[in-house]
1. For segment 1-94, which helices (runs of 4 or more DSSP H) that fit wholly inside it have 1 or more residues that are among the β-branched types (Val, Ile, Thr)?
2. Take segment 112-152 and flag every residue that is acidic (Asp, Glu) and crowded, with 17+ Cβ neighbours inside 10 Å.
3. Name the residue that is farthest from Leu165 (Cα to Cα), counting only residues in segment 62-87 that are among the aliphatic types (A, V, I, L, M) and out of contact with any strand residue (DSSP E or B) (no Cβ under 9 Å at 6 or more places or on another chain).
4. Scan segment 137-160 and tell me whether some residue there is without any contact (Cβ under 8 Å) to a residue 40 or more places away in the chain, in contact with a Lys or Arg (Cβ under 7 Å, 6 or more places away or on another chain) and assigned by TED's automatic domain parsing to the domain that holds Val111.
5. Let me confirm something: among Arg154, Arg193, which residue is assigned to a loop (DSSP other than H, G, I, E, B), within 30 Å of Ala58 (Cα to Cα) and basic (Lys, Arg)?
6. Identify, please: which residue in segment 152-178 is aliphatic (A, V, I, L, M), modelled with pLDDT of 95 or more and under 26 Å from Glu209 (Cα atoms) and is, among those, farthest from the chain's Cα centre (by Cα)?
7. Take the conditions assigned by TED's automatic domain parsing to the domain that holds Leu175, crowded, with 17+ Cβ neighbours inside 10 Å, assigned to a helix (DSSP H, G or I) and not polar (S, T, N, Q) and apply them to Phe105. Does it pass?
Amino acid sequence: MISTHPLLPKLRQLNLSGILNTLDLRAEQAIQEQLSPLEFFAILLDDELERREQNRLAYRLTISGCNPTKTLSHFDFSASPGVSRSFITDLATCAFIQRHENVLFCGPTGVGKSHLANALGIEALKRSLRVISKSTFRLLADLNASRANGSYSRHIASILRYDLLILDDFGLQALPPAAIQDLYEIICERYERGSILVTSNRAFEEWAEVFNNDLLSSAALDRLTHHAHAVTIQGESYRQLSRRKEALLKAKS
């Protein structure tokens, strides 16, 4: 039992108690493969480093708002023939984040925009980049609510510090004037300093309507679309396809 292992108190004192998870396995491996003490010790350290990185990733994932199940490996490219796998694979290197470029996905409901955005967010997290993912409306509502408790400055500063800001469902709900102003400020402040990934059911030419102000929309969209990768995703909703498949299976059974 790990809880009664004689080395546990010493490993806890050194903040290395996770080594016990693989200690017996590695000790057996060392005997079978006749590893030297240094080789055995190196393997234990590799296990500990891997464990700590996994813990850091789990923490970053939790605070990011990304869904751990919506990864690139779970994206059905065959259902979205208009999406270039090679292009998405290139985005997954996260070089666009290092270059402070934006990514814009638009298309009808259910074609995989949010899934792809989430998957790219996870790829960024794997590279130790800071990511926050929220619906546009929720992020701005939370930001506005922070005015009431005096944490607005700290809240918006944290949004600006993220390496990748994912704004899901851009333009889905009407925004109050304060939220529009906040959105404008975020886009302007992150311009050429941090990447924004946007998903929207609206066509690109309709995005100006979100701001309900010609001057704000012109200035904000000019910055948002500059240095941006814009992708229009066509196709039928995954959910509708799934419902039809389920109906066919039930009809055959």
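The values are calculated or read from the model by the stated rules, or taken from the named source; none is laboratory data. Predicted, not measured: the structure shown is a model, and the values here were computed from it. Because the Cβ atoms are built from the backbone with ideal geometry, glycine has one as well, and the counts that use them run over all protein chains shown.
1. 20-33, 37-64, 85-91
2. Of everything in segment 112-152, just one residue is acidic (Asp, Glu) and crowded, with 17+ Cβ neighbours inside 10 Å, namely Glu123.
3. Ala79
4. Scanning segment 137-160 turns up at least one residue that is without any contact (Cβ under 8 Å) to a residue 40 or more places away in the chain, in contact with a Lys or Arg (Cβ under 7 Å, 6 or more places away or on another chain) and assigned by TED's automatic domain parsing to the domain that holds Val111.
5. Residue meeting the stated conditions: Arg193.
6. Of everything passing the filter in segment 152-178, Ile156 is farthest from the chain's Cα centre (by Cα).
7. no
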